[in-house]
Structures are given as structure tokens and as C-alpha cells.
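Student: What follows is a single structure, and I will ask about it in a moment.
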Amino acid sequence: MTQKVLILGAGYAGMMTASRLERLSTEFTLINKNPYHYFTTLLHEVAGGRSTPSNYSVPLTDVLDKPTTHISIDEVTSINRRERTVQLRSGQNEPYDFLVITVGSVPEYFGIPGLAENSLVLNTLDSATRIHQHFEEQMEAYTQDGDMRHLRIVVGGGGLTGIELLGELLDLIPELCARYGITEQKIDLQTIEAASEILPQIPNRLRSKAVGLLTQKGATLHVNTRITEVTAGCVHLGDNQMIEAGTIIWTGGVRANPLLTDAGFTADRRGRAKVNQFLQSVDDHHVFVGGDSAWCDGENGTPLPPTAQMASQMGHVIADNVVALISGNAMTTFRARSLGTLASLGREVGVGTVLGVPVHGVIGGLFKESSKLKYLWELGGIRLVEKKANQVI
Ligand code: NAD
């Protein structure tokens, strides 16, 4: 009898699992809220208006088109591990024999009062578009009433998301200022970082280059400064200071989709479900967990970061292990390979490491662009590269 395989979520891990299962001719159903997969790692480009939002997504059926693949556009509302069913927003209950949970993450607000209500986030195509529109509306509002607060943007969090967004907004400013007849120097773009430095993932020497470039382009970077509360149009800081701003964006971290803790999986403090070396839930061997949903220890024993790179690698192994489990073969141990970390600092330059080699400037930017090609190739082969590469590069 055919075993029923369900994949929940079409992010990096879910799509990689699905595309590999297709290649292995295994029947499965992919359940996703939207009929498309979007490139989460490029959302800052959407916010910065580099290209139109539709260029940053691909219809699921452009990647998955075998008769053994079933796609259901619906939202998962809960998982019942005892009955082995998944409940959907439409009211349907989907049974499974094997479940792959790749449902991504949500913003982590750390219980900071007013933060969720009074800030924008960068986690979906819609939210990226909203940031862009909001910024433009603030420019427009300034031309009406001359209130300088409209021209102030505060980005909370100086991790990779916050800094890539900052770089993109800095490159957008000249374009918008020209359009609205505003002097560029009037724009006040500030990043607030609680730790002692931004971009902890990259080497010190490169970090100072990034700081130099961003400040030279006009950004103000505050470190050792914690956001403690946000009220309408106002960011409150740990030292009793406050900054009034027309645009407040929170990029202070992520936590796993609450579906996992709701389903009772053993989880870390960010709600990620603990997996074994085969990426199976430690609580239930019929369940595989990948991407931002998985709490997976790397070789040195520290949990892997929730990155697209790890998610894609996990997806590949999950697919192989689902097939192995169905056919009674030995499963593959997941071994994460870090190819490096790259942060774009605007449209043309980037900074980070590739296979341990530090890169920065235009070369860093080029490596970042080539990582887009690599992903398209791995996901959909030459057909997808041909279709999308000229839109996102
Ligand atoms: P993060 O957790 O990596 O960074 C959030 C930052 O916000 C931290 O530096 C933290 O100190 C700061 N912060 C938290 N609370 C704060 C407060 N109250 N006030 C001020 N600052 C505060 O989150 P992220 O940048 O969204 O990244 C999430 C994951 O995605 C990471 O694993 C990251 O590596 C990955 N990512 C990778 C890329 C890339 O490879 N280019 C891009 C984006 C995200």
C-alpha cells in the first residue's frame, strides 16, 4: 500500500524536500498557504524596490509538475500526532504516514511591550512590499506637513536581516528623494543593536568595513543599545532615551512557527523541534523536521542557525530519508556544510566569507548574486535558472 507523505510548508526546506522527492519518483502532498514559493533571503531587495515583488517568487507548479506530486493550497492550523492527522483552515483533516514539517519561523518579539503592534517586519513578500510602500507614504507626508519625523527610519536589530535591509534602504534613498524633491541629507536612518557589535557572524576586519560603508552612506549605527518598548511612532531605549520615527522596522530575531510547540514537540527556547541525526523528530520517528522549524545540533554540538543554506541542505536529506524509511533502507546522517555567510550591503556590494575566504566590496556583491543562481539551479535545474535568473540578478 502507498504510504502517505505530507510536506507542510513550501519554504527553502519544504521545496528542496519536494523537488528531491519528485526526482526520486515518490508520491507526496505539499500543503502551503500560497500557490507560490518566495525567496525569503531576498526580501530586503523587495523592501528596497530593486525589482517588482512578483520576480521574487515562483509558482509551485513551475518547480513541481510530476503526476505523483499533489499540491494543496491551504493553511495548517494544527498537527495531531496521536491520530497522525493535520488540520487545515478549510476544515479538512489530512491523514499521514510520514510528515515533513518545514513551516518556517515568525518574528521573535521577546515580550517587548508595543513592539508587535507598532513596528513593521520583514518576513513575507507582503510585509516587504508594505515596508516599501510605508517609506514612500512617509516621504509623501513630509512634502505635505514638513514634519521631520516622517524622514526618520529606525531598524531594530543589527543582525543579517537588519543590515541587509539597511543597505538596501540606503540605496533607495537617492531615488526616492529625487522623486519627492527632498534633500538626501534630511533622511535619518538609524539601526539599534543591543549587542556590542552588528553582524556577529562575520570576522572583525570585515565588520569594520561594513560599518565604514554603511555610516559613510549616511546610516547611524547604535550598539549596546536595547529597545525596551515601542509606542506609536516612538522607540524607547534602555537608557531612557527615545527616538520618534515615521518608520519603525523590527529585525531583532525569529522563533519557530508555534505549530510545533502547540503539537507538543520537544523544543528549544525559540520553539524549534529537536531532531536526531536523520532529521526525525526525537519525539516521533514518523515526523521529519527541517529548516527554521528544526533544532538540529551541528558537529560542534551547537544548534545550527535558521538559515536558507541549512534549510536547503536539510530538505535534500529529509527526502532521501523518507524514501529510505518507506523502502526499509538505511537512512543518511545529516551533516551540515557551511559554505560561508554573505551579507549584501546594498545593490552592488557585499561582505562575508565564502568557504572560509573573506570577501567584501563588489566581489562580495558578486558572490552574493551567484548564490542566487546556485539556489535556482539546485531547486529547479536549468529551466528555473533560465526563467528566473534575469529577474533577480
Ligand atoms: P538575529 O537573531 O540573527 O539578529 C537579531 C539582532 O537583533 C541581534 O544582533 C540582536 O542582538 C538584536 N536584538 C535583539 N533584541 C534587541 C533589542 N531589544 N534591541 C536591540 N537589538 C536587539 O536575527 P536575523 O538577522 O533576523 O537573522 C535570523 C537568522 O537568519 C539568522 O540565523 C541569520 O544568520 C539568518 N539570516 C541570514 C542571512 C544571510 O545569510 N545573508 C540574511 C538574513 C538572515
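Bear in mind these aren't lab numbers, they're just calculated from the coordinates by the rules spelled out. Just so it is clear, the model here is predicted, and its values are computed rather than measured. We place every Cβ from the backbone using ideal geometry, glycine too, and count neighbours over all the protein chains shown.
Student: Below 8 Å, C-alpha to C-alpha, sequence gap of six or more: please give me the relative contact order for the chain in percent.
Tutor: On the way: 818 pairs, mean separation 73.3, N = 393.
Worked out over the chain, it gives 19 percent.
Student: Follow-up. As an exercise, use a Förster radius of 22 Å and the Cβ-Cβ distance of SER72 and GLN201 to find the FRET efficiency, rounded to the nearest 0.05.
Tutor: E between SER72 and GLN201, to the nearest 0.05, is 0.05.
Student: Rounded to the nearest 500 deg cm²/dmol, what is the calculated helix-only ellipticity per residue at 222 nm for the chain, with -39500 (n - 2.57) per DSSP H run of length n ≥ 4?
Tutor: It comes out at -11000 deg cm²/dmol, rounded to the nearest 500.
Student: Using mean Cβ contacts within 10 Å as the protection proxy, how do 307-314, 198-205 order, highest first?
Tutor: Order by mean packing, descending: 307-314, 198-205.
Student: If you take every DSSP beta bridge whose two residues both sit in the chain, what share of them, in percent to the nearest 5, is antiparallel?
Tutor: Within the chain, antiparallel bridges account for around 50 percent of the total.
Student: In addition: Determine the sum of side-chain charges near GLY157: Lys and Arg each +1, Asp and Glu each -1, restricted to other residues whose C-beta is under 12 angstrom from that of GLY157.
Tutor: -2
Student: Students often forget the sequence filter, so: which lysines lie under 20 Å Cα-Cα from LYS186 once same-chain residues fewer than 8 apart are removed?
Tutor: The qualifying lysines are LYS217.
Student: Let me ask something additional. Mind jotting down the three principal axis lengths of the stretch 86-128 based on Cα atoms? Whole angstrom, largest first.
Tutor: Projected onto its principal axes, the Cα set of the stretch 86-128 covers 41, 23, 20 Å.
Student: To the nearest 20 debye, what is the magnitude of the charge dipole of the stretch 115-250 about its Cα centre, counting +1 on the Cβ of each Lys and Arg and -1 on the Cβ of each Asp and Glu? List each step's numbers first, then the result.
Tutor: Details: 10 positive and 18 negative charges, 107 e Å.
So the dipole magnitude of the stretch 115-250 works out to roughly 520 debye.
Student: Can you sort CYS296, CYS234 from fewest to most other Cβ atoms within 10 Å of each residue's own Cβ?
Tutor: Lowest count first: CYS234, CYS296.
Student: By the scheme Lys and Arg +1, Asp and Glu -1, what is the net charge of all other residues having a beta-carbon under 10 Å from that of THR29? Spell out each step's value before the answer.
Tutor: Working: positive: LYS4; negative: GLU27, GLU94.
Once all neighbours under 10 Å are counted, the net charge is -1.
Student: While we're on this one: Take the Cα gyration tensor of the stretch 40-125, multiply each eigenvalue by 5, square-root it, and list the three semi-axes largest first, rounded to whole angstrom.
Tutor: Over the Cα atoms of the stretch 40-125, the ellipsoid semi-axes are 29, 23, 10 Å.
Student: Just check the stretch 339-393 against the gyration tensor rule for me: Cα atoms, a ≥ b ≥ c as the square roots of the eigenvalues, rounded for a/c under 1.5, and otherwise prolate or oblate depending on whether a/b exceeds b/c.
Tutor: Oblate, because a/c is 1.5 or more while a/b does not exceed b/c.
Student: Something else now. Give, rounded to the nearest 20 debye, the magnitude of the charge dipole that the stretch 339-393 has about its Cα centre when Lys and Arg contribute +1 at Cβ and Asp and Glu contribute -1 at Cβ. Write out the running numbers ahead of the final one.
Tutor: On the way: 7 positive and 4 negative charges, 33 e Å.
Once rounded to the nearest 20, the dipole reads 160 debye.
Student: If contacts are Cα pairs under 8 angstrom and at least 6 residues apart, what is the relative contact order of the stretch 115-250 in percent?
Tutor: It rounds to 34 percent for the stretch 115-250.
Student: Still on this structure, I have one more. Counting only Cα, what are the radius of gyration and maximum Cα-Cα distance Dmax of the stretch 140-190, in Å?
Tutor: 11.7, 35
Student: For the chain, with only Lys/Arg (+1) and Asp/Glu (-1) charged at the beta-carbon, what is the dipole magnitude about the Cα centre, in debye rounded to 20?
Tutor: About 900 debye.
Student: Give the calculated FRET efficiency between ASP62 and GLN216 to the nearest 0.05, with a Förster radius of 41 Å applied to their Cβ-Cβ distance.
Tutor: FRET efficiency, ASP62 to GLN216: 0.50.
Student: Please arrange LEU366, LEU259, LEU88 by how many other C-beta atoms lie within 10 Å of their C-beta, fewest to most.
Tutor: Fewest-to-most ranking of LEU366, LEU259, LEU88: LEU366, LEU88, LEU259.
Student: Hull surface divided by four, with the convex hull built on the Cα atoms of the stretch 115-250: how many nm²?
Tutor: 8.1 nm²
Student: Assuming a ≥ b ≥ c are the square roots of the Cα gyration tensor eigenvalues, decide whether the stretch 282-393 counts as rounded (a/c under 1.5), prolate (otherwise, with a/b larger than b/c) or oblate.
Tutor: Cα axes put the stretch 282-393 in the oblate bin.
Student: Using alpha-carbon positions, what is the distance between the centroids of the stretch 315-332 and the stretch 127-179, in Å?
Tutor: Taking the Cα centre of each part, the stretch 315-332 and the stretch 127-179 sit 46 Å apart.
Student: What order do you get for 270-276, 237-243 when each peptide is scored by the mean count of other beta carbon atoms within 10 Å, highest first?
Tutor: Result, highest mean Cβ count within 10 Å first: 270-276, 237-243.
Student: Let me ask you something else. Amide H to amide H, which residues 5 or more places from TRP295 or on other chains are under 5 Å from it, using H placed in the peptide plane?
Tutor: It is ALA273, LYS274, VAL275, by chain and number.
Student: Mind checking which of CYS234, PRO306, PHE110 is farthest towards the positive end of the chain's charge dipole, using Cβ charges of +1 (Lys, Arg) and -1 (Asp, Glu) about the Cα centre?
Tutor: Most positive-ward Cα: PRO306.
Student: Could you give the spread of the C-alpha atoms of the chain along their three principal axes, from largest to smallest, in whole angstroms?
Tutor: In descending order, the Cα extents are 70, 42, 41 Å.
Student: In whole angstrom, note down how far apart the Cα centers of the stretch 82-116 and the stretch 32-76 are.
Tutor: 18 Å
Student: Sticking with this one: Can you put LYS4, LYS368 in order, fewest other beta carbons within 10 Å first?
Tutor: In order of increasing Cβ crowding within 10 Å: LYS4, LYS368.
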